[in-house]
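Let me begin by presenting the structure, written as structure tokens, before commenting on it.
Readers should treat all values here as calculations from the given coordinates under stated rules, not as data from a laboratory. Model, not experiment: these values are computed from the prediction. Heads up, the Cβs are rebuilt from the backbone with ideal geometry, glycines too, and the neighbour counts pull from every protein chain shown.
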Amino acid sequence: MPMKLRYLLLLLLPMLAACDPIAQAPSSPPAVVGTRAVIQRHRQEIYAEITAVTGKLVTTEMYIHGEPVAEFSAYRGLYPVSGREPQYQYEADFDEAILEQLFPLAVGKEVSFSGNIKRLDRGTSYNFWSHVSVIGEKTLSLSSGDRQVFVVDIVTETSSSSRTKRKTQTVYFDPELSMVLKSVQHEDGYKDYWFVISVERPGEGTNRTAPPQPRSGTVII
């Protein structure tokens with residue numbers, strides 16, 4: 001190889017690495033602990049707060065009427081890998097590094113993987129297969145301001161000794177917040193739908209959003 005050409009290739013290698021989408025992905029999610037959101041679901045307001053960022057996992061706690069009702073951890077805030085509610089606790093076991101191929105998000109990226117889900121509350125487990133694809137971009141208008149999101153389809157099939165189930169979910173994910181701002185899910189003929197009304201990060205505004213005061217008759221989501 002001519003010396004000039006070899007020298008040119010050596011110069012280009014760092015540039016090619018910089019253009020690699022995976023190389024550009026930040027080492028940790030940009031999620032900020034203390035970010036709060038108000039969610040509307042079935043005419044009910046749910047309060048959510050990012051409480052921890054551990055490696056690439058973003059942990060969010062959810063409240064209704066000021067009472068904690070759920071907690072989950074999601075890979076970069078997008079794909080749930082564990083969670084707990086009253087009488088329900090799960091943990092997914094799979095190669096999380098596969099999800100890194102999606103980041104930074106771009107329309108057309110997709111991954112498929114399989115693993116096992118453990119029901120820690122029951123001491124049981126079942127296998128699953130999932131396909132995640134980035135299908136578009138959109139602007140969502142919240143009361144706290146417009147947010148740019150990626151539209152992501154997640155198809156999950158679970159199988160046990162008794163049956164196989166298929167769930168499809170479309171989420172509207174804000175990579176800057178590491179947070180899903182809208183979700184539409186279909187499973188067994190049932191549709192579940194929720195969306196974020198407003199988002200507030202620490203230090204924004206003078207009046208911090210506070211969870212509703214505890215009341216009797218708390219509804220578990």
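The string of couplings for the stretch 170-181 from the Karplus curve (6.51, -1.76, 1.60, θ = phi - 60°) is 10, 10, 10, 10, 9, x, 6, 8, 6, 9, 7, 9 Hz, one whole number per residue in order, with x for Gly and Pro. Near the amide H of Leu57, within less than 5 Å, lie the amide hydrogens of Arg76, all on another chain or at least 5 residues away, with H placed in the peptide plane. List the chymotrypsin sites (Phe, Trp or Tyr not before Pro) within the stretch 51-157 that DSSP assigns to loop and that have no more than 11 neighbouring Cβ atoms inside 10 Å. Filter output for the stretch 51-157: empty list. Annotation: for a label point projected 7 angstrom from Cα along Cα→Cβ of Thr170, residues of the stretch 177-199 with backbone N closer than 18 Å are 180-196.
Comparing Ser73, Ser159, Gly123 along the charge dipole axis of the stretch 29-200, the residue lying farthest to the positive side is Ser159, per the Cβ-charge model. Among the listed pairs Lys56/Lys138; Lys167/Lys191; Lys118/Lys165; Lys165/Lys191; Lys118/Lys167; Lys118/Lys182, those with a Cα-Cα distance over 20 Å are Lys56/Lys138; Lys118/Lys182. Under a 5 Å amide H cut-off, with hydrogens placed 1.01 Å from N, Asp121 pairs with Gln89 among residues at least 5 apart or on other chains.
Among the trypsin sites (Lys or Arg not before Pro) in the stretch 126-193, those placed in a DSSP loop whose Cβ has at most 10 other Cβ atoms within 10 Å are Arg163. Distance between the pseudo-spin-label points of Ser198 and Val32 (7 Å out from Cα toward the beta carbon): 1.6 nm.
Projecting the Cα atoms of Leu105, Gln169, Met179 onto the charge dipole of the stretch 29-200, computed from C-beta unit charges around the Cα centre, puts Gln169 farthest toward the positive end. Backbone amide hydrogens, once placed in the peptide plane, bring Arg41 within less than 5 Å of Ile46, excluding anything fewer than 5 places away on its chain.
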